[in-house]
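Trainee: Next up is a structure, given as structure tokens.
The numbers here are math on the coordinates, done by the rules we state, and not lab data. On a predicted model such as this, the values are computed, not experimentally measured, just so you know. Cβ placement follows ideal geometry from the backbone for every residue including glycine, while neighbour counts extend to all protein chains displayed.
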Amino acid sequence: MRNVMVCVTQQKTCDRLIKYGREFIGSDAGELTILHVARSDYKFLGRPAEGEALDYLYEKALEYGAGLTVIRSDDVISVLVNHVRKNKINYVIMGESREVGERSNVISLLEERLAGLASLVIIPAFSS
């Protein structure tokens, strides 16, 4: 059984991650969960474009038979790990990070914390 969590931002381009998550489950039994963690200082839905992007992600979640969860926290890594534990997730799908430093890279930090809990699947960024 593949329980998959897709980590998204408020960008419409995250649709490709959600689609990949659904395809990754394939015909296996499993659930698709979509999670967005917003930092507490972020002006969440403060601009119309942000609201539109969130509506878009919600519609995509429905289209792919997934649940969309939005959590506000400054400790993104802990929220992701706790969500994995709570929902018995065994695969986490994320887009490629554009952060430069290996130690500050969200993917590297998350990979360390997920060891033994879930596999991390990284989807490359669009090439231009």
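Trainee: Residues of the range 1-41 with the amide nitrogen closer than 19 Å to a label point 7 Å from the Cα of Asp55, along Cα-to-Cβ, please.
Mentor: 9-15
Trainee: Is it possible to state the helix-based mean residue ellipticity at 222 nm for the chain, with each DSSP H run of 4+ residues giving -39500 (n - 2.57), the sum divided by total residues, to the nearest 500 deg cm²/dmol? What is it? Intermediate results must be reported in sequence, preceding the final value.
Mentor: Numbers: 4 runs with 47 residues, N = 128.
Taken over the chain, the calculation gives -11500 deg cm²/dmol.
Trainee: To the nearest 0.05, how large is the calculated FRET efficiency for Asn105 and Glu63 if R₀ is 35 Å and r is the Cβ-Cβ distance?
Mentor: Values: r = 31 Å, r/R0 = 0.88.
Computed FRET efficiency for Asn105 and Glu63 comes out at 0.70.
Trainee: Would you work out if the chain is rounded, prolate or oblate? Take a ≥ b ≥ c from the square roots of the eigenvalues of the alpha-carbon gyration tensor; rounded if a/c is under 1.5, else prolate when a/b is larger than b/c, oblate otherwise.
Mentor: rounded
Trainee: For Ile123, list long-range residues whose amide hydrogen, built 1.01 Å from N in the peptide plane, is under 5 Å from its own amide hydrogen.
Mentor: Amide H neighbours of Ile123: Met94, Gly95, Glu96.
Trainee: Follow-up. Provide the gained length on full extension for the span Ser40 to Glu112, in nm with one decimal, where the gain is 0.36 nm per separating residue minus the Cα-Cα distance. Please list the in-between numbers first.
Mentor: Numbers: separation 72, 0.36 × 72 = 25.92 nm, distance 2.40 nm.
Additional length available on full extension: 23.5 nm.
Trainee: Please arrange Val76, Val37, Val6 by counting, for each residue, the other beta carbons lying within 10 Å of its beta carbon, fewest first. Let's see the in-between values first.
Mentor: Details: Val76 16, Val37 21, Val6 29.
Listed from fewest to most nearby Cβ atoms, that is Val76, Val37, Val6.
Trainee: What distance in nm separates the simple spin-label points at Asp28 and Ile71, each placed 7 Å from Cα in the Cβ direction?
Mentor: Those two pseudo-labels are separated by 2.2 nm.
Trainee: Sorted by average packing, counted as other Cβ atoms within 10 angstrom per residue and highest first, what order do 11-24, 112-125 take?
Mentor: Values: 11-24: 16.4, 112-125: 13.3.
So the peptides 11-24, 112-125, ranked by packing, come out 11-24, 112-125.
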